[in-house]
1. What is the sum of charges around Trp28, taking Lys and Arg as +1, Asp and Glu as -1, for the other residues whose C-beta is under 11 Å from the C-beta of Trp28?
2. Relative contact order of the chain, please, whole-number percent, based on alpha carbon pairs below 8 angstrom and at least 6 residues apart.
3. In nm², what is the average projected area of the convex hull enclosing the Cα atoms of segment 2-103?
4. Quick one: angle between helix 165-177 and the longest Cα principal axis of the chain, in degrees between 0 and 90, rounded to 10, please.
5. As an exercise, identify the trypsin sites (Lys or Arg not before Pro) in segment 126-174 lying in DSSP coil whose Cβ has no more than 15 other Cβ atoms within 10 Å.
6. Would you list which lysines come within 23 Å of Lys52, measuring only between C-alpha atoms, while excluding same-chain residues fewer than 8 positions from it?
7. So in the chain, what percent of DSSP beta bridges are antiparallel if you round to the nearest 5?
8. Under 17 Å between alpha carbons, and skipping anything fewer than 8 positions from Lys139 in its own chain: which lysines qualify?
Amino acid sequence: MAQLSQVARPYAKAVFELARSGNDYAGWSALLATLATVVSDPGVAPLLSHPKVTRSALADAVSQGLAGAQGSAGQNLVRLLVDNGRLSAAPQIAEEFEALRADAERTVEVEITSAVAVPDAQQASLAKAIGERLSRQVKVQWEIDPELIAGAVIRAGDLVIDGSAKGDLARLQTMLAQ
């Protein structure tokens, strides 16, 4: 999987530069998400490497599936990926692009899992505190997991803050085992 992300990175950077120069991150995000969905479809995926499907036919079919998104630049991307045999990397290209976009827009997706439902006022306060700590705009996704017993687990990229009772018990167990 690491190899596929290495293949995807230069394409994602090139698309990111196009998006930045045109100030159209959302449009390119939508195109890449749709492209990733199309090539991941179980009915389409086998066609990507089928020997009887020509590159031209494949590029035309995928371009039609994108409904002209991003105009000729979007179609050029599809043709480039098809010509280089990289169309199957579209999901990774989309993922890499989103990481570049989040960095440029200074945003981060945060997942907060709590033991119980959190009131709206507390949600807003916690989101604001996390945003200040990370110096970024946060997009929070809330989940509930009663197995945490109490507290919450916050995940933002590589950062994990485990303030749950379950996490405290696991740390105590590790300390006692030493």
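Just so it is clear, none of the values below were taken in a lab; they were calculated from the coordinates. As the structure is a prediction and not an experimental result, all values here were calculated from the model. Cβ placement follows ideal geometry from the backbone for every residue including glycine, while neighbour counts extend to all protein chains displayed.
1. Numbers: positive: Arg20, Arg101; negative: Glu17, Asp24, Glu98.
Value of the local net charge: -1.
2. Values: 198 pairs, mean separation 37.4, N = 178.
Reported relative contact order: 21 percent.
3. Details: hull surface 24.3 nm².
Average projection, Cα convex hull of segment 2-103: 6.1 nm².
4. In the chain, helix 165-177 runs at an angle near 70 degrees to the longest axis.
5. Working: sites: Lys128, Arg133, Arg136, Lys139, Arg155, Lys166, Arg171; in loops: Arg136.
Qualifying residues, ordered by number: none.
6. Output for Lys52: empty list, no partners.
7. Values: 9 of 17 bridges.
Of those bridges, close to 55 percent are antiparallel.
8. Candidates past the 8-residue exclusion: Lys128.
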